[in-house]
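So the structure is just underneath, and the comments pick up after that.
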Amino acid sequence: MTAIQTLNKVVELAEKRRDEALGHLVQLRRELQLAQEQMDQLQAYAQEAQQRWAARGSAGVDVTLLHHHRQFMAKIDHAMEFQRSVLGQRESQAEKAQQQVHVAERDVAGLRKYTDRQLQTLLQRAQRQDQKATDEMALAIHLRQSLAQAQAHTRGARP
């Protein structure tokens with residue numbers, strides 16, 4: 001395997017790691033979106049429950065019903081607190097995954113640039129070798145022609 005083929009393989013592996021990091025980021029963003037939707041549902045449910053309680057409370061309620069309502073709202077608050085922590089975790093994971101994608105993209109770009117430079121170096125080297133071979137062939141032809149002319153001139157000068 002040539003050096004360029006090896007570098008191309010390394011670039012392919014870096015691209016694969018980048019693509020995997022992107023896939024992981026997409027998955028984490030989906031999970032974050034779902035967690036946000038669940039939080040939105042909990043908040044809407046809590047608001048709706050408070051509105052129903054306010055409407056019902058204007059007519060007067062007994063102590064037992066008030067106690068049950070407070071317990072219910074405490075459970076909803078607890079669920080929302082839990083969901084806030086889930087949201088925080090998902091956001092943190094998504095940020096870390098985004099950073100990993102940036103690192104992977106930077107790696108791919110750097111490897112591509114390095115590979116391109118190496119390829120250009122090889123091409124320039126090959127061009128110089130071709131030019132050298134062409135120059136040597138032209139010199140050889142010139143020397144043969146000069147030798148042939150000298151020999152023809154020497155034969156022509158003999159009586």
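The values are calculated or read from the model by the stated rules, or taken from the named source; none is laboratory data. Because the structure is a prediction, the values reported are computed rather than measured. Please note: Cβ atoms are built from the backbone with ideal geometry, for glycine as well, and neighbour counts cover all protein chains shown.
Observations on the structure shown:
- Test for ASP116: is it acidic (Asp, Glu), loosely packed, with under 15 Cβ neighbours inside 10 Å and over 15 Å from LEU25 (Cα atoms): yes
- When LEU42 is tested against (1) in a helix (DSSP H, G or I); (2) free of Cβ contacts under 8 Å to residues at least 24 places away in the same chain; (3) over 29 Å from LYS9 (Cα atoms), exactly one condition is not met: (2).
- Test: GLN120 is part of a helix (DSSP H, G or I) and either more than 30 Å from ALA3 (Cβ to Cβ) or of a type in the set (D, E, K, R) (or both): no
- Only one of VAL61, VAL101 that is among the β-branched types (Val, Ile, Thr) and at pLDDT below 95: VAL61
- The listed residue being more than 27 Å from LEU22 (Cβ to Cβ) and either aliphatic (A, V, I, L, M) or in contact (Cβ under 8 Å) with a residue 60 or more places away in the chain (or both), out of LEU65, LEU87, LEU119, LEU111: LEU65
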